[in-house]
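The next block holds one structure in the form of structure tokens; read it before the comments.
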Amino acid sequence: MSQSKSLPEALGFTNARIDSIIESLAAHPYLWAFAVCLLIHPFYLGSEENVPNNAMLIEALLVLAVGFWAIYHLYKGEILGKKGAAAIAVLYLCLDLLAAKIYSQFSTKGMWLLLGGFILVFLLYFLSDSKKYMEQVNSLLILALSFFVKFFYVYYTSVYTRQNDVHKFGGENGHAAYIEYILYNHKLPDFDVRDVWQFCHPPLHHTICAIWIEINENIFGIGYNQARESLQTLTLFYAMAITITAYRIFKHFKLSGMALYVPTIIVAFHPAFILMSGAINNDVLSVVFIMGAILCTLKWYDNQTFFGILKIALCIGLGMMTKLTAALVAIPIAIVFLVVFIKKLRTNGLRLFAQYFVFAVVCVPLGLWFEIKNYILYRVPITYVQEMSDTVTQYIGDQSFISRITDFSSSQFESVFEQWLSYDDNGNAISYNEYNPLVTLLKNSLFGESISEDTFGDNSYMLTLTKVFFWLAAAIAAICLIMMIVNMFRKRERCGLDGTQKALFGVFYLALIINFYKMANDYPFTCTMNFRYITPTVFIGAFFLGTTIKQLRDRQSKLVDIAAYTLSLASLIFAAISVIVYIVVCYPATT
């Protein structure tokens, strides 16, 4: 009698097959992420209100098919006998129909989708038994859980909810109008872009969105509102691409164990990227290309190939074609180029010069053609930024910039949510505009502009939790900054980075912060101090936290181990609170 198989083996989860799947995921993570987004797209179309009427039938049939497939393989693997398999199949059919009946009556289906997603991820995790790729499996678990959190956020978030400068579809300005202009006219703006709000941005993101709507609305027959809400399937993928790239950067420096998991968790569950997963403006795609440029530069630094530098040129060029401020990443990358050229001038100078020529030929036209066109035709300055009137209520130019950046009065911390000036029925001011860039950053990074005390109503537990969240995040951010500075002065043997790699991260971080403070000075409005302008600082800070944990663990001291575990625990608590906060923010009872 042949020996019966184990449960995972009977279901086809052999070590060889699991290893091949993991290898495929590692080789093509972006394709897998996009495929998953496309797979779920027809079942929700970007919003809870857009779930098709037949979605329940298709989902129930899919669940039934998967269950029957599993039962058949358990029978073939001699885990179940013929009668047992038949009985379980009948029972499973009844349970599937019952679950569909119960699920259809819930008004909060998104919550059950989130729990179901978590259960599915953990089930697959425990069925896998890959000793060879255990670290990759653990990392995949983190990425998968973060995906369902972001999906939950998108499910309950409209293209009009917690957005920045989107305005409305069918309107005359904002990112929504920009997308529809390209959609309806099949061309880019042929007028002075200064005349219409947000039309000054490069067109890549808006063009992709227009094509997406065209395909969904005019080819697949999806309705007007549904096609526009479905844009969040794109931004959901973009947000996941950011997390994947951050993970690959951490892996590039051979971070492992908790030194890998902790920074990945911070990026995966950071509120900034949860918010971005449902934001249909051009910020999230620009960050995708910025992160891609950093990763490609690190790889090119190790091996200078034409294909490698071409990928950097495409990332920077496409990033600038999405949002011009993506050009900031070119500053630290130029330093890497210069260092490599100086080091290898005698041995490989001609080849490097040819590579830099190819880089310039691809990157500069790709990144600046839109701005150059507007300058030639309408004399729009290359670095033009649309300004608001100083009569708007959020204007803070009545305070000097020095007073704003040096004022850390306790009154600013009475609320952990970003403050905006408002008035009571008698015209008396009952709030104020945030004015300190650093304080505003901390608040905005966690809650954006639209989440406030009113979001949580009289839920005292959540209001207390948000305060804990704010101060914990502030502490982690401070530790990350300190560790970044400390590691800048450590030898490569300890921190794992040489001087050029330190310059890449350090100069980029500095460029982002300087540009942010310059904007806060040049454009004195509360909305200018938005964390979305410097979100790449999250992965830089998380990276140096990971290197710090690695250094602490390498010292093999009980006291040092306690410090490493404390940092890891703090990061896990940060991620857990982030998930709780955004579940409550989106949960229908609180919206």
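The values are calculated or read from the model by the stated rules, or taken from the named source; none is laboratory data. These numbers come from a predicted model, not from an experiment. Please note: Cβ atoms are built from the backbone with ideal geometry, for glycine as well, and neighbour counts cover all protein chains shown. When the accessible area is computed, the model is the full protein with side chains, heavy atoms only, and any ligands, DNA or RNA have been set aside. Shrake-Rupley method; radii C 1.70, N 1.55, O 1.52, S 1.80 Å.
Checked against (1) more than 29 Å from residue 378 (Cβ to Cβ); (2) of a type outside the set (Phe, Trp, Tyr); (3) touching a helix residue (DSSP H, G or I) at 6+ places or on another chain (Cβ under 6 Å); (4) without any contact (Cβ under 8 Å) to a residue 60 or more places away in the chain, residue 230 passes all but condition (4).
Counting just the residues of segment 306-334 that are more than 21 Å from residue 368 (Cα to Cα) and in contact with a helix residue (DSSP H, G or I) (Cβ under 8 Å, 6 or more places away or on another chain), which one comes out least open to solvent (accessible area, probe 1.4 Å)?
Start the filter on segment 306-334 by keeping residues that are more than 21 Å from residue 368 (Cα to Cα), which leaves 306-308.
Adding the requirement that they be in contact with a helix residue (DSSP H, G or I) (Cβ under 8 Å, 6 or more places away or on another chain) leaves 306, 308.
Values: 306: 75, 308: 9 Å².
Filtering segment 306-334 for residues that are more than 21 Å from residue 368 (Cα to Cα) and in contact with a helix residue (DSSP H, G or I) (Cβ under 8 Å, 6 or more places away or on another chain), the one least open to solvent (accessible area, probe 1.4 Å) comes out as 308.
Residue 525 meets each of the listed conditions (1) touching a strand residue (DSSP E or B) at 6+ places or on another chain (Cβ under 7 Å); (2) surrounded by fewer than 19 Cβ atoms within 10 Å (Cβ to Cβ) apart from (2).
In segment 11-38, the residues that are within 20 Å of residue 245 (Cα to Cα) reach residues that are β-branched (Val, Ile, Thr) and modelled with pLDDT of 80 or more with C-beta atoms within less than 6 angstrom, at least six apart or across chains, in these pairs: 29/244; 37/233.
For segment 504-536, filtering for residues that are farther than 12 Å from residue 437 by Cβ and touching a helix residue (DSSP H, G or I) at 6+ places or on another chain (Cβ under 6 Å) leaves 11.
Report, by residue number, each residue of segment 394-416 that is out of contact with any helix residue (DSSP H, G or I) (no Cβ under 9 Å at 6 or more places or on another chain) and either without any contact (Cβ under 8 Å) to a residue 24 or more places away in the chain or hydrophobic (A, V, I, L, M, F, W, C) (or both). Walk me through it before giving the result.
The initial filter retains those residues of segment 394-416 that are out of contact with any helix residue (DSSP H, G or I) (no Cβ under 9 Å at 6 or more places or on another chain), namely 397-400, 402-403, 406, 409-411, 414.
Within segment 394-416, 398, 400, 402, 403, 406, 409, 410, 411, 414 qualify.
Checked against the criterion of being free of Cβ contacts under 8 Å to residues at least 12 places away in the same chain and among the β-branched types (Val, Ile, Thr), the candidates 222, 211, 244 yield just one match: 211.
The rows are residues; the columns are (1) part of a loop (DSSP other than H, G, I, E, B); (2) free of Cβ contacts under 8 Å to residues at least 24 places away in the same chain; (3) charged (D, E, K, R); (4) crowded, with 16+ Cβ neighbours inside 10 Å.
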site: 392; (1), (2), (3), (4): yes, no, no, no
site: 418; (1), (2), (3), (4): yes, no, yes, yes
site: 426; (1), (2), (3), (4): yes, yes, no, no
site: 431; (1), (2), (3), (4): yes, yes, no, no
site: 442; (1), (2), (3), (4): no, no, no, yes
site: 451; (1), (2), (3), (4): yes, no, no, yes
site: 463; (1), (2), (3), (4): no, yes, no, yes
site: 466; (1), (2), (3), (4): no, no, no, yes
site: 469; (1), (2), (3), (4): no, no, no, yes
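Screening segment 184-225 for residues that are of a type in the set (Phe, Trp, Tyr), assigned to a helix (DSSP H, G or I) and open to solvent by 60 Å² or more (accessible area, probe 1.4 Å) and picking the one that is nearest to residue 172 (Cα to Cα) gives 184. Go through the residues of segment 66-89 one by one and say whether even a single one is under 30 Å from residue 232 (Cα atoms) and either open to solvent by 70 Å² or more (accessible area, probe 1.4 Å) or acidic (Asp, Glu) (or both). Yes, because at least one residue in segment 66-89 is under 30 Å from residue 232 (Cα atoms) and either open to solvent by 70 Å² or more (accessible area, probe 1.4 Å) or acidic (Asp, Glu) (or both). Is it true that residue 23 is in contact with a helix residue (DSSP H, G or I) (Cβ under 8 Å, 6 or more places away or on another chain), more than 30 Å from residue 213 (Cα to Cα) and either open to solvent by 60 Å² or more (accessible area, probe 1.4 Å) or modelled with pLDDT under 80 (or both)? Spelling it out, it is not the case that residue 23 is in contact with a helix residue (DSSP H, G or I) (Cβ under 8 Å, 6 or more places away or on another chain), more than 30 Å from residue 213 (Cα to Cα) and either open to solvent by 60 Å² or more (accessible area, probe 1.4 Å) or modelled with pLDDT under 80 (or both). Close contacts from segment 79-104, counting a first residue that is within 28 Å of residue 51 (Cα to Cα) and at pLDDT 85 or above and a second that is open to solvent by less than 70 Å² (accessible area, probe 1.4 Å) and not charged (D, E, K, R), with Cβ to Cβ under 7 Å and a gap of 6+ residues or different chains, come to 93/64. You will find that of 100, 177, the residue that is part of a helix (DSSP H, G or I) and closer than 28 Å to residue 199 by Cα is 177 and no other. Quick check on segment 127-140. Is at least one of its residues open to solvent by 50 Å² or more (accessible area, probe 1.4 Å) and under 24 Å from the mean Cα position of the chain (by Cα)? Yes, there is a match, as at least one residue in segment 127-140 is open to solvent by 50 Å² or more (accessible area, probe 1.4 Å) and under 24 Å from the mean Cα position of the chain (by Cα). Return yes or no: is residue 496 under 18 Å from residue 260 (Cα atoms), in contact (Cβ under 8 Å) with a residue 24 or more places away in the chain, open to solvent by 20 Å² or more (accessible area, probe 1.4 Å) and not aliphatic (A, V, I, L, M)? In short, yes.
Mind checking whether some residue in segment 154-166 is out of contact with any Leu (no Cβ under 9 Å at 6 or more places or on another chain) and surrounded by fewer than 17 Cβ atoms within 10 Å (Cβ to Cβ)? Yes, that holds for at least one residue. In segment 545-556, the count of residues that are in a helix (DSSP H, G or I), surrounded by fewer than 22 Cβ atoms within 10 Å (Cβ to Cβ) and among the β-branched types (Val, Ile, Thr) is zero. Residue by residue through segment 149-174, note down the ones that are of a type outside the set (Phe, Trp, Tyr) and assigned to a helix (DSSP H, G or I). Once the filter is applied, which keeps residues that are of a type outside the set (Phe, Trp, Tyr) and assigned to a helix (DSSP H, G or I), segment 149-174 yields 149, 150, 154, 174. The residues of segment 341-364 that are open to solvent by 70 Å² or more (accessible area, probe 1.4 Å) and polar (S, T, N, Q) amount to a single one, 347.
For beta carbons closer than 7 Å, sequence separation of 6+ or different chains, a first residue in segment 352-366 that is under 13 Å from residue 340 (Cβ atoms) and a second that is open to solvent by 40 Å² or more (accessible area, probe 1.4 Å) and in a helix (DSSP H, G or I), the qualifying pairs are 352/341; 355/306.
When only residues in segment 90-126 that are open to solvent by less than 50 Å² (accessible area, probe 1.4 Å) and among the β-branched types (Val, Ile, Thr) count, which is farthest from residue 143 (Cα to Cα)? Going through the qualifying residues, I end up with 108. Residue-level check: of (1) aliphatic (A, V, I, L, M); (2) in a helix (DSSP H, G or I); (3) more than 30 Å from residue 468 (Cα to Cα), residue 388 misses just (2).
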